Every structure is written in C-alpha cells, then in structure tokens.
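I have placed the structure first, in the form of structure tokens, so that the comments after it can refer back to it.
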Amino acid sequence: MALEVLRILETEKLVEASAQKGERLLALVGERLGSHPNVGEVRGRGLLVGVELVADRATRRPFPRGARLIEGVMAHAAENGLLLYHGTGNADGTNGDTVLLGPPFVVTDAELVTIADRLGEAVERSVASASA
C-alpha cells in the first residue's frame, strides 16, 4: 500500500502541485491580510500557510491570552465553513496567537480564494470583538 501511495504521489505530481498551490495560497493570504494592522507575519511552505496575529504590528506585541482572540477567529471561521489549525503561546509561552491553514492536495483554485477570504473575515471580526 505504501508503494502505491508513493507511486500516485510521483505519477500525479502531487508534491509539485502542492508547491504551486501553496504559493498561490500564500499570495492570496498575503494580499488579504499581509498589511492588516493585527497581522505580524504571513509565512508558509507548500500548502501549510501560517498567520501570526498581533496586537501591535510595529512591535509585534501579541494579544494577551485573556483576549481569547484565537478562539474568536476559530469560531468565526467555523461559522463560514472554514476549519483551521491554531496555536497559542507562540510569543512567550502564554501569549501569541497563530493560525495555520492546511488544505488537502486536491484543493481547487476557487477554494483557495474562498479560504483566504473567509480567513480574512474571521480575523477582522475577531479583532473587532477583541478591541471592543
């Protein structure tokens, strides 16, 4: 079975396709959130794209854990059918929120656009709630 998986990965060029789709997703997320005042960095490798959320972009000061920002992002994204991976404590062991996108190899370009848009909406709604 493992040999068949490797054969499919190679013959269907899934690794190369993943790299190309990852570049597209990284660009889309960068366009949507790259200049957002509460995004410290957008980075990625292949189809794994991460977004660091910060209270202050200039200093990259994280939101305090008590703001529960990442929970808001996850909830707003889920309401729109987008499932994300998340991390907390990335700045100092307690504070610092990150979001990770990891769509499957078979994701379409239209789905990549939707993912970037829905992530942007979730971040904007959550930051607005955390700042209120």
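The values are calculated or read from the model by the stated rules, or taken from the named source; none is laboratory data. Because the structure is predicted, anything quoted here is derived from the model rather than measured. Because the Cβ atoms are built from the backbone with ideal geometry, glycine has one as well, and the counts that use them run over all protein chains shown.
At a glance:
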{"quantity": "Every residue from the range 79-98 that is of a type in the set (Asp, Glu) and surrounded by 12 or more Cβ atoms within 10 Å (Cβ to Cβ)", "calculated": "79, 97"}
{"quantity": "Residue 60 being exposed (fewer than 15 other Cβ atoms within 10 Å of the Cβ) and among the basic types (Lys, Arg)", "calculated": "yes"}
{"quantity": "Residue among 29, 54 that alone is closer than 20 Å to residue 131 by Cβ, among the hydrophobic types (A, V, I, L, M, F, W, C) and at pLDDT 95 or above", "calculated": "54"}
{"quantity": "Residues (touching a Pro at 6+ places or on another chain (Cβ under 9 Å) and of a type in the set (Gly, Ala, Ser)) located in the range 90-100", "calculated": "91, 96"}
{"quantity": "Residue ranges of strands (runs of 3 or more DSSP E) in the range 1-111 with at least 3 members in contact with a Gly (Cβ under 9 Å, 6 or more places away or on another chain) and not aliphatic (A, V, I, L, M)", "calculated": "39-45"}
{"quantity": "Qualifying position, being small (Gly, Ala, Ser), in contact with a Leu (Cβ under 6 Å, 6 or more places away or on another chain) and closer than 30 Å to residue 6 by Cβ, among 22, 46, 120", "calculated": "22"}
